[in-house]
Amino acid sequence: MIILKIGGSALTIKDAQTPTLDEKNLERIAQEASFYNDDMIIVHGAGSFGHIYAQQYKIGDKPKTPKDDYKIEGMCITQASMQLFNHKIITKLQEKGIPAIGVKPSSFVMTRNKRIEICDTSIIQRYVDEGFVPVVYGDAVLDLNDDVKFAILSGDQIITYLAKELKCNRVILSSDVDGIFTDNPKNNPDAELIEVVTRDTQLKVTDNQDQIDVTGGMMGKINELLALADEGIESQIINAEVEGNIQQAVSGQKVKGTLIR
Ligand code: IPE
């Protein structure tokens, strides 16, 4: 089984002030994903459909009162925005012939201190067994820690959880960069792509501070994927903006990127 993560940065204009879809990229990425040749689960990020609200309402911070109306409003708005985004994505995937079924993570996942604690993966497995491609996403969820009550669950955490539980053999994480570099390629022209990252690799990851990313940017992704590697599951970071990359990756061909193992 393949898990394909499509980063929010590839599907939206991430630094927009309001949720803004990158229609052109969505069209192309959906077309490329239709070349999958194995069971597949798609996980998408939030981009400007989620991070704006997550930050504005400080979801994951302690509520001011036991029933904090502002936080409750933030949960409603973030979930609704993500559900709308998911709807746009599954509609496009279906148009390309993928039997995509949207599954809302906040309806079957609860975290404790921001890590998944309750998650019934049998629903996802059953959809896969019946021939569907479930499409889940980073979401605003209930947290079992009564101090914080709510949390932002990243698509990256969902990937690692599902990959372990459902024994996936291929994890492809696509975003708007080629992979992991020796330094930030946006500021340092000498930065080189690292082809293989393990727990022993010395990393210097400086995220783009201008971008809103409440779930930890590239370092957050690496940590999730290293945890997966600890379980013996390899993953690959590739650039979704490079035409053909997703098509090649989902059909099992080699793609330029970083392997995490
Ligand atoms: C974040 O998910 C979810 C919300 C902010 C609601 P991700 O962390 O997976 O999203 P991207 O890929 O960075 O946009």
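The values are calculated or read from the model by the stated rules, or taken from the named source; none is laboratory data. What you are looking at is a predicted structure, and each value in this text was computed from that prediction instead of being measured. Please note: Cβ atoms are built from the backbone with ideal geometry, for glycine as well, and neighbour counts cover all protein chains shown. Just so you know, the surface numbers come from the protein's heavy atoms only, side chains and all, with ligands and any DNA or RNA stripped out. Shrake-Rupley method; radii C 1.70, N 1.55, O 1.52, S 1.80 Å.
For the chain, the carbon plus sulfur part of the accessible surface works out to 46%, probe radius 1.4 Å. Across the cross-link table entries Lys67/Lys92; Lys92/Lys149; Lys164/Lys204, which are compared at the Cα atoms, the separations over 31 Å belong to Lys67/Lys92; Lys92/Lys149. Here the mean projected area of the convex hull built on the C-alpha positions of region 81-144 is 4.3 nm².
One quarter of the convex hull surface built on the alpha carbon atoms of the chain amounts to 13.0 nm², the projected area averaged over directions. In order along region 247-261, the phi-based Karplus estimate (6.51 cos²θ - 1.76 cosθ + 1.60, θ = phi - 60°) of 3J(HN,Hα) comes to 4, 5, 5, 6, 9, x, 8, 6, 10, 4, x, 10, 8, 10, 8 Hz; Gly and Pro are listed as x. Note on the chain: antiparallel DSSP beta bridges, both residues inside, total approximately 35 percent of the bridges counted. Placing dummy labels 7 Å off each Cα toward the beta-carbon, the span from Lys88 to Gln17 is 1.8 nm. Taking Gly232, Gly47, Gly155 in turn, the Gaussian network model of the chain (Cα-Cα springs below 10 Å) assigns the largest fluctuation to Gly232. Summing charges over all other residues whose Cβ lies under 15 Å from the Cβ of Gly131, with Lys and Arg as +1 and Asp and Glu as -1, gives -3.
Can you give the FRET efficiency for Glu130 and Gln56, using 1/(1 + (r/R0)^6), R0 = 41 Å, r = Cβ-Cβ distance, to the nearest 0.05? Intermediate results must be reported in sequence, preceding the final value.
Working: r = 39 Å, r/R0 = 0.94.
So the FRET efficiency works out to roughly 0.60.
In this structure, the amide hydrogen of Arg170, modeled 1.01 Å from its nitrogen in the peptide plane, lies closer than 5 angstrom to those of Ile3, counting only residues at least 5 positions away or on a different chain. The tail of the calculated P(r) for region 1-125 beyond 23 Å holds 37 percent of all Cα-Cα pairs.
Keeping all protein chains in place, calculate the accessible area per residue for the chain (probe 1.4 angstrom), answer in Å².
On the way: 12180 Å² over 261 residues.
Accessible surface, normalised per residue, equals 47 Å².
Helices in the chain, meaning DSSP H runs of at least 4 residues, each add -39500 (n - 2.57). Divided by all residues, the mean residue ellipticity at 222 nm is -10000 deg cm²/dmol.
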